[in-house]
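See structure below.
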Amino acid sequence: MEFSFVEVNEAISAAIPDREAVVFRDRRLTYAQLAERSRRLANVLLDHGIEVRAERSALRGFESGQDHVALYLYNGNEYLEGMLGAWKARSAAFNVNYRYVEEELLYLFENSRSRVVIYHSAFAPQIASIRERLPQLELLIQVADDSDIALLPGAIDYEAALAAASSQLPDIGHSPDDLYILYTGGTTGMPKGVLWRSADIFVAAMGGRKLDGTEFASLDAVVAQAAGGPGIKSLIGPPLMHGAAQWATFINYAMGSTIVFGNQNEKLDPDDFLSTIEREKVNTATIVGDAFARPILDQMERKKYDLSSLFLIGSGGAPLSTANKKEWLQKLPNITVIDAIGSSETGAQAMNPSNKDSGVTTGDFKPSPGACVVSEDLTRLLEPGDEEMGWFAQMGRVPLGYFGDAEKTEKTFPVIGGIRYSIPGDRARHRADGQIDVLGRDSVTINSGGEKIFAEEVEHAIKLHPDVFDTVVAGRPSERWGQEVVAIVALREGKTPDEAALLAECGKHLARYKLPKLFVFRDEIQRSPSGKADYRWAQQQARSGS
């Protein structure tokens, strides 16, 4: 069965209209209220000429026939309304990184060909600085916030527009073919817009699978799960401009959960994160790897919180180290920590759950349906137990392509043996027991003396030293080896650099050729707001640091 986000949202909202859907600061919206507000936004977009210009059947994989709506927002109910409202207008919403500077924003808006931007008032100056260079950007919808920045000339106020719009669902032929667009982070290259059919991403990452991994056979089954669920509360820690946060949100939505956002929505505030769990009696919480885990765990040392309601921590989008998993379970022995892996181009691919009974590992994942490993030369599927290192891949429900880029679409989504795969660039081995060892992104692999060294495995080893707060690893040119490993390290507060101790810790877990040739110490590691390492920055530090 194939479903559009619109029919799923409307059906669940009709089944549990009075259940709380979103909690953000003093706002508490029910499922019925969230659905109505998103319908109103859809009608605002349609009233301003947003439309479908070509149906999916007439397009190639890297093409879009729908108008695009940029969401330049912090977390909050407006972000979810923006996604749902765009889909209900049969337009395609996409994520904008709110840390981008003017040049990056200009690239993103030009590349996406967006006609609409919904933005918080705090970002009005950035919009004003580029709007004259974006003739296709026709509609500005401004969301009031604490900045008190005035409405831009020609822009419309979000709440006023919703209040004046119809609350009826537009009858415009919503389709499972309608697009979901997710822009990549651009930490290793320029951001790319990944185009998904909504029916495919719903199954691949946003609630369209049951707990046993099988797809829902009917819309009634989806609704029954939501209506019959325990009504848990789920805290979304990372920004919704990141795919992992969107996916966690809509997985919970399909389960009839209440989505909770912290009061601080500009960046991670560990005290706010933990206080929100305590205040709202949150049951599950989403983080992004060590960049979230380490500050939150340190805050738990500084202040006591009642976290007895919490039974699950889910992490995705960036590595979560063994050391930090162990510390979660030491502090909260009754929880389960789920380390999930996937990408914008594959959806959720695999997970590694840890609890007090199972113990803790990092890097080995139980594959989800369709996750696999293909050979390095892209000619065959590798079977469990094959010793060859290949590419971590996904088949079945995969994206259509990269918006506007036929060449990269063909490269990332090849056809092997008559089957179309998504291969975004992670190296992996398929173990005999069916687990998959995910080694890391090939684009940040360091080739030293003919040996491939994966940045993430060195980072994991360094983080096992108790003095390390955060680290990222990159390569720099070497006359002898071609490249050599450099570790950029941020230490815990009050700790002093001790290269010998860090090297000794690495030596317990890594072969000698993988050990860093240099440690560069910085006050903090530069990451995206979603927690992903900025490897371009890391390479700059590796080349210039001392």
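A short reminder: the numbers here are calculations on the coordinates, not readings from a lab. Because the structure is predicted, anything quoted here is derived from the model rather than measured. Cβ atoms come from the backbone with ideal geometry, glycine included; neighbour counts cover every protein chain shown.
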- prompt: What does the charge add up to near L71, with Lys and Arg as +1, Asp and Glu as -1, over the other residues with Cβ less than 12 Å from its Cβ?
  reply: -2
message: Under a Cβ-only charge scheme (Lys and Arg +1, Asp and Glu -1), can you give me the dipole magnitude of the stretch 22-201 about the Cα centre, in debye to the nearest 20?
response: 380 debye
field: Mean separation of Cα contacts under 8 Å (6+ apart) over length of the chain, as relative contact order %
entry: 12 percent
statement: Residues whose modelled amide H sits under 5 Å from the amide H of K192, counting only those 5 or more places away in sequence or on another chain, are T184, G186
message: Give me the percent relative contact order of the stretch 364-442, please, defined on Cα pairs under 8 angstrom at least 6 residues apart.
response: 36 percent
- prompt: What are the ³J(HN,Hα) values, in whole Hz, obtained from phi via the Karplus relation 6.51 cos²θ - 1.76 cosθ + 1.60 with θ = phi - 60°, for each residue of the stretch 51-66 in sequence order, with x given for Gly and Pro?
  reply: 7, 8, 9, 7, 7, 4, 4, 9, 10, 8, x, 8, 10, 10, x, 10
message: Suppose each label sits 7 Å from its Cα in the direction of the beta carbon; what would the A144-D405 distance come out to in nanometres?
response: 4.0 nm
query: Based on Cβ point charges of +1 for Lys and Arg and -1 for Asp and Glu, what charge dipole magnitude is obtained for the chain about its Cα centre, in debye rounded to the nearest 20?
result: 600 debye
statement: Env charge @ A205, Cβ radius under 12 Å, K,R +1 / D,E -1, value 0
statement: Full extension between K331 and E102 adds, at 0.36 nm per residue less the Cα distance, a length in nm of 78.2 nm
- request: Name the long-range amide H neighbours of S114: under 5 Å, sequence gap of 5 or more, or other chain; modelled H, no Pro or chain starts.
  value: none
message: Need one number: nm distance between label points at R133 and Y513, each 7 Å from Cα along Cα→Cβ, rounded to one decimal.
response: 4.6 nm
message: How high is the relative contact order of the stretch 22-201? Use alpha-carbon pairs under 8 Å, at least six apart in sequence, and give a whole percent.
response: 24 percent
- prompt: E102: net charge of surrounding residues, Cβ under 13 Å, Lys/Arg +1, Asp/Glu -1, itself excluded?
  reply: -1
message: Let's see if you can work this out: charge +1 on each Lys and Arg Cβ, -1 on each Asp and Glu Cβ, no other charges. What is the dipole magnitude of the stretch 364-442 about its Cα centre, in debye to the nearest 20?
response: 340 debye
- line: For the chain, whose charge dipole is built from +1 on Lys and Arg Cβ atoms and -1 on Asp and Glu Cβ atoms, the candidate among W87, L518, Y119 with its Cα farthest towards the positive end is L518
task: Could I get the Rg over Rh figure for the stretch 203-330? Both from C-alpha atoms, Rh via Kirkwood, rounded to two places.
output: 0.98
- prompt: Once phi is turned into θ = phi - 60°, what whole-Hz ³J(HN,Hα) does the Karplus curve with 6.51, -1.76 and 1.60 give for every residue of the stretch 134-148, x standing for Gly and Pro?
  reply: 10, x, 7, 7, 9, 10, 10, 10, 9, 9, 5, 8, 6, 6, 6
field: Integer Hz, Karplus 6.51/-1.76/1.60 couplings in order for the stretch 160-176, x for Gly and Pro
entry: 5, 5, 5, 5, 8, 8, 5, 9, 7, 5, x, 9, 10, x, 3, 10, x
- prompt: Spin-label point model (7 Å from Cα, Cβ direction): what's the D306 to E2 distance in nm?
  reply: 5.0 nm
field: Base-10 log of normalised Debye intensity for the chain (one unit scatterer per alpha-carbon) at q = 0.08, 0.09, 0.12 Å⁻¹
entry: -0.51, -0.66, -1.22
- request: Grab the eigenvalues of the alpha-carbon gyration tensor for the stretch 1-131, scale each by 5, take roots, and send me the semi-axes largest first in whole angstrom.
  value: 26, 21, 12
message: Restricting everything to alpha-carbon atoms, can you work out Rg to Rh for the stretch 449-544 with a Kirkwood hydrodynamic radius?
response: 0.94
